[in-house]
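Asks: First, the structure itself, so that you have it in front of you.
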């Protein structure tokens, strides 16, 4: 990771830190805390978690922010618990109760039958309490003003939906889904199918793309490192290419790397015949994302600009 140039606005840091976001903290506040701990000049997160959700939040630093969209596009894995018999304004425990209904008796077979209806490609209406924007204004801000905006259903994919546990009034699910999936809405929709409503009482994201729980670092660990051994913070920042393991690697000759950096397409022996690729100069120096053209040449799509002193 890069860490050299210092000034009063921070230092150059390049790479990805996989935070285990704590309960009660918004994704943006978590981002700002981590950015300050590392004294980083530039940082951004990939895919918000609600304040009442915990788990994996990928934070990109410096030039790595250019790769954030590729992380956002990745499939995500959650563990969620829903409480039956009541719906809330926000879809979780943060909001006021909207309606309460008696919970009917049900068994595992009935609940799993309902889950099957939400597996695969489905349409989902985004909640008002979300970061989606209407005329440039986040929906959650409008919702707090009591304004309801009509939202169009959007296609999402639930790759797997497993029942881990249930009681007379709760159910716990393991969910693997596409980007754009609102787990709170999924819980609400399941509760509606049961005829009693539901809201989320616990939510944890356990993986995003190639990153899993074993990659996470807690805020407490980062704070301890900052207080006791600031240089140890560098060990928690992963190279950006670790987020792109599904992309084939293309090793560039010095000449090819030079021309690609000038924006020109190049011919690379034994390159893939289509799709996106990870570009490496000098065998191990990741320089960005390329795309294979119809004629087989490699063209730059998103390149990193990292000065030699920060590599």
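The values are calculated or read from the model by the stated rules, or taken from the named source; none is laboratory data. This one's a predicted model, so the numbers in the text were calculated from it and none came from an experiment. Note that we place each Cβ from the backbone using ideal geometry, even for glycine, and neighbour counts take in every protein chain shown.
Asks: Which pairs do you get when a residue that is in contact (Cβ under 8 Å) with a residue 60 or more places away in the chain and not assigned by TED's automatic domain parsing to the domain that holds residue 52, found in segment 130-142, comes within reach of a residue that is assigned to a helix (DSSP H, G or I) and surrounded by 13 or more Cβ atoms within 10 Å (Cβ to Cβ), reach meaning Cβ atoms under 7 angstrom, with the pair 6+ apart or on two chains?
Replies: Sorted first by the residue in segment 130-142, then by its partner, the pairs are 131/140.
Asks: Please specify each residue of segment 29-51 satisfying the condition of being surrounded by 18 or more Cβ atoms within 10 Å (Cβ to Cβ) and out of contact with any helix residue (DSSP H, G or I) (no Cβ under 9 Å at 6 or more places or on another chain).
Replies: Of everything in segment 29-51, those that are surrounded by 18 or more Cβ atoms within 10 Å (Cβ to Cβ) and out of contact with any helix residue (DSSP H, G or I) (no Cβ under 9 Å at 6 or more places or on another chain) turn out to be 31, 35.
Asks: Just name the residue that is surrounded by the most Cβ atoms within 10 Å (Cβ to Cβ) out of those in segment 227-256 that are in contact with a helix residue (DSSP H, G or I) (Cβ under 6 Å, 6 or more places away or on another chain) and farther than 15 Å from residue 67 by Cβ.
Replies: 233
Asks: While we're on this one: For residue 209, indicate whether it is at pLDDT below 95 and crowded, with 17+ Cβ neighbours inside 10 Å. Quick ask: steps written out before the conclusion?
Replies: On the way: at pLDDT below 95: yes; crowded, with 17+ Cβ neighbours inside 10 Å: yes.
Spelling it out, residue 209 is indeed at pLDDT below 95 and crowded, with 17+ Cβ neighbours inside 10 Å.
Asks: Sticking with this structure for a sec: Of the residues that sit in segment 257-282 and are in contact with a helix residue (DSSP H, G or I) (Cβ under 7 Å, 6 or more places away or on another chain) and part of a strand (DSSP E or B), which one is farthest from residue 64 (Cα to Cα)?
Replies: So the first thing to find is which residues in segment 257-282 are in contact with a helix residue (DSSP H, G or I) (Cβ under 7 Å, 6 or more places away or on another chain), and the list is 266, 268, 278-279, 281.
After this cut, where a residue has to be part of a strand (DSSP E or B) as well, the list is 266, 278-279, 281.
Working: 266: 24, 278: 13, 279: 14, 281: 17 Å.
Top of the filtered list is 266.
Asks: When you check residue 153 against the structure, is it within 26 Å of the chain's Cα centre (by Cα) and without any contact (Cβ under 8 Å) to a residue 12 or more places away in the chain, yes or no?
Replies: Criteria not met by residue 153.
Asks: Return the total of residues in segment 1-23 being in a loop (DSSP other than H, G, I, E, B) and at pLDDT below 95.
Replies: So the first thing to find is which residues in segment 1-23 are in a loop (DSSP other than H, G, I, E, B), and the list is 1-5, 8-9, 12-14, 22-23.
Right, trim to at pLDDT below 95 and you get 1-5, 8-9, 12-14.
Qualifying residue count for the region: 10.
Asks: Identify, from the list 283, 231, 226, the residue that is on the phi > 0 side of the Ramachandran plot, at pLDDT below 95 and not assigned by TED's automatic domain parsing to the domain that holds residue 104.
Replies: Going through 283, 231, 226 in turn, the sole match is 283.
Asks: Could you pull out every one of the strands (runs of 3 or more DSSP E) wholly within segment 64-130 that has 3 or more residues that are surrounded by 15 or more Cβ atoms within 10 Å (Cβ to Cβ)? Give the steps one after another, and end with the answer.
Replies: Values: elements: 76-84, 86-88, 97-100, 120-124.
Correct list: 76-84, 86-88.
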